[in-house]
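Dropping a structure here in structure tokens format, bear with me for questions.
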Amino acid sequence: ESNSLISDFVSSLSVETQTLQNQIDELSTFSDSPAPSVTRILYSEKDVLARRYIKNLMGLAGLSVREDAVGNIFGRWIGDEPELPPVATGSHIDAIPYSGKYDGVIGVLGAIEAINVLKRSGFKPKRSLEVIMFTSEEPTRFGISCLGSRLLAGIETLANNLKSTVDGQNISFLDAARSAGYANDQDDLSSVFLKKGSYSAFIELHIEQGPILEEEGISIGVVTAIAAPASITVDFEGNGGHAGAALMPTRNDAGLAAAELALAVEKHVLESGSIDTVGTVGILELHPGAINSIPSRSHLEIDTRDIDEKRRNTVIEKTHQSATTIANKRRVKLSEFKIINQDPPALSDKLIIEAAEAASKELNLTYKKMISRAYHDSLFMARISPMGMIFIPCYKGYSHKPEEFSSREDITNGVKVLALALAKLSLN
Ligand code: HGY
Ligand code: MN
Ligand code: MN
Ligand code: MN
């Protein structure tokens with residue numbers, strides 16, 4: 001009896017794919033770089049327009065909308081037992097420079113559509129269902145990844161540091177937040193903190209940002225763990241000088257120190273002995289940046305991750321040693337070696353993994369358990385709630401570049417699995 005009920009319910013789930021695709025396309029127009037790339041930086045005018053777009057869709061879905069002091073946006077579908085901790089889902093819509101239009105967006109627009117799918121099917125939630133649009137998952141403006149979800153997870157040091165944090169144009173975090181209409185009445189951001197147990201489950205839908213699902217022809221990824229991310233900023237200082245007149249033995253070239261450290265990062269990552277260790281120098285700036293002026297200052301930002309936290313920390317230690325050795329050898333000053341974040345990995349909750357697996361099976365979709373090498377807001381939601389993630393394939397695993405793409409079919413599958421998993425978790 002219940003099996004046929006379930007199969008009737010499952011077959012009643014219908015996604016308005018064209019509408020969702022139109023929304024993905026429309027949201028991507030709120031960008032500071034030309035299509036097909038997307039650039040949407042925290043609290044920028046395009047970010048504010050995109051936020052308004054999301055709030056409007058939440059309203060149309062019948063959700064009650066609230067925003068917190070840093071602009072995390074919550075859309076809640078009140079359930080029959082509203083006093084129980086709700087089930088939450090969500091992701092981010094900020095986009096790093098010249099990236100794509102699916103990273104994060106699938107987990108926000110797709111989540112709102114999953115709510116609409118359930119409403120259209122006549123489903124009645126027991127636990128309320130809440131869609132969260134997290135503020136600033138990307139580190140672009142203030143150098144801090146998952147800023148909104150770190151605050152929701154109650155990270156005090158971050159709340160304090162943000163009072164004195166400025167961006168590359170020397171605009172303070174609080175001024176930037178206020179320019180977007182947030183943080184008006186307070187410097188104290190602890191109002192953002194959520195208590196542990198605020199949600200009975202948090203599950204995020206996201207593109208894989210890797211090639212595995214597409215290569216293996218599998219429709220759904222059920223994430224079992226999220227790799228441990230870390231980021232470091234480094235500054236070197238030398239004398240600089242004239243590119244023609246300063247002879248080589250007299251130089252202390254901050255640019256070459258940076259170049260040597262970048263290669264040292266690659267060396268320390270490769271000597272970890274595991275394919276799961278990665279390291280990237282995505283930012284390398286030289287001052288004054290003139291062809292005929294020896295760099296007097298250099299600034300690098302290093303991103304290193306591993307599913308094994310100890311191995312990742314070894315890379316950080318070795319990189320610090322190399323920075324000191326290189327500075328001495330080249331007679332430059334290591335004026336900054338600052339670890340911005342050094343986070344542990346997070347494990348998904350068994351019950352949420354099971355809900356995503358059961359949903360995939362009932363929808364006759366192939367699925368695979370896998371780790372997430374990219375970080376997500378789920379990494380920090382895991383500190384205050386049982387966490388899980390659902391992946392959909394993306395073209396050649398491309399992400400953080402304009403060629404990022406997921407097919408309508410894969411997006412539809414992901415939204416259906418999310419809707420069914422949310423229904424199961426809501427009735428728990
Ligand atoms: O970098 C990351 O892992 C995420 O996509 N921002
Ligand atoms: Mn990203
Ligand atoms: Mn993302
Ligand atoms: Mn610096």
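The values are calculated or read from the model by the stated rules, or taken from the named source; none is laboratory data. Keep in mind the model is a prediction, meaning the values are calculated, not measured. Here the Cβ is made from the backbone with ideal geometry for all residues, glycine too, and neighbour counts use every protein chain on show. Quick note on the areas: whole protein, heavy atoms, side chains included, nothing else; ligands and nucleic acids left out. Shrake-Rupley method; radii C 1.70, N 1.55, O 1.52, S 1.80 Å.
Give the number of residues within region 16-31 that are open to solvent by 20 Å² or more (accessible area, probe 1.4 Å), within 14 Å of I96 (Cα to Cα) and in contact (Cβ under 8 Å) with a residue 24 or more places away in the chain.
Matching residues across region 16-31 total 1.
Within region 347-378, track down each residue that is out of contact with any Gly (no Cβ under 8 Å at 6 or more places or on another chain) and among the acidic types (D, E).
Scanning region 347-378 gives E354, E357, E362.
Now for a separate question. Confirm whether H268 is touching a helix residue (DSSP H, G or I) at 6+ places or on another chain (Cβ under 6 Å) and more than 16 Å from ligand 2 (Cβ to nearest atom).
yes
Just to be sure I understand the filter: pairs with C-beta atoms under 7 Å, separated by 6 or more residues or on different chains, first member in region 83-94 and in the same structural domain as S145 (by TED's automatic domain parsing) and under 27 Å from P139 (Cα atoms), second member within 16 Å of ligand 4 (Cβ to nearest atom) and open to solvent by 10 Å² or more (accessible area, probe 1.4 Å). Which pairs pass?
none
Mind checking which residues of region 237-255 are in contact with a strand residue (DSSP E or B) (Cβ under 8 Å, 6 or more places away or on another chain), surrounded by fewer than 21 Cβ atoms within 10 Å (Cβ to Cβ) and not in a loop (DSSP other than H, G, I, E, B)?
E237, H242
Scan I144, I232 and give me the residue that is more than 23 Å from A358 (Cα to Cα), within 16 Å of ligand 1 (Cβ to nearest atom) and not assigned by TED's automatic domain parsing to the domain that holds K361.
After applying the criteria, what remains is I232.
If you check E156, E130, E138, which single one turns out to be farther than 30 Å from E83 by Cα, modelled with pLDDT of 95 or more, of a type in the set (D, E) and assigned by TED's automatic domain parsing to the domain that holds V192?
Answer to the check: E138.
Let me ask you something else. Look through D47, D25, D8 and report the one residue that is among the charged types (D, E, K, R) and more than 25 Å from the chain's Cα centre (by Cα).
Sole residue among the options that is among the charged types (D, E, K, R) and more than 25 Å from the chain's Cα centre (by Cα): D8.
Could you check, for region 307-318, whether at least one of its residues is surrounded by 15 or more Cβ atoms within 10 Å (Cβ to Cβ), touching a Leu at 6+ places or on another chain (Cβ under 8 Å), assigned to a loop (DSSP other than H, G, I, E, B) and not hydroxyl-bearing (S, T, Y)?
There is no residue in region 307-318 that is surrounded by 15 or more Cβ atoms within 10 Å (Cβ to Cβ), touching a Leu at 6+ places or on another chain (Cβ under 8 Å), assigned to a loop (DSSP other than H, G, I, E, B) and not hydroxyl-bearing (S, T, Y).
Please go through region 260-301 and give me each residue that is at positive phi and either touching a strand residue (DSSP E or B) at 6+ places or on another chain (Cβ under 6 Å) or open to solvent by 70 Å² or more (accessible area, probe 1.4 Å) (or both), ordered by number.
Passing the criteria: only G273.
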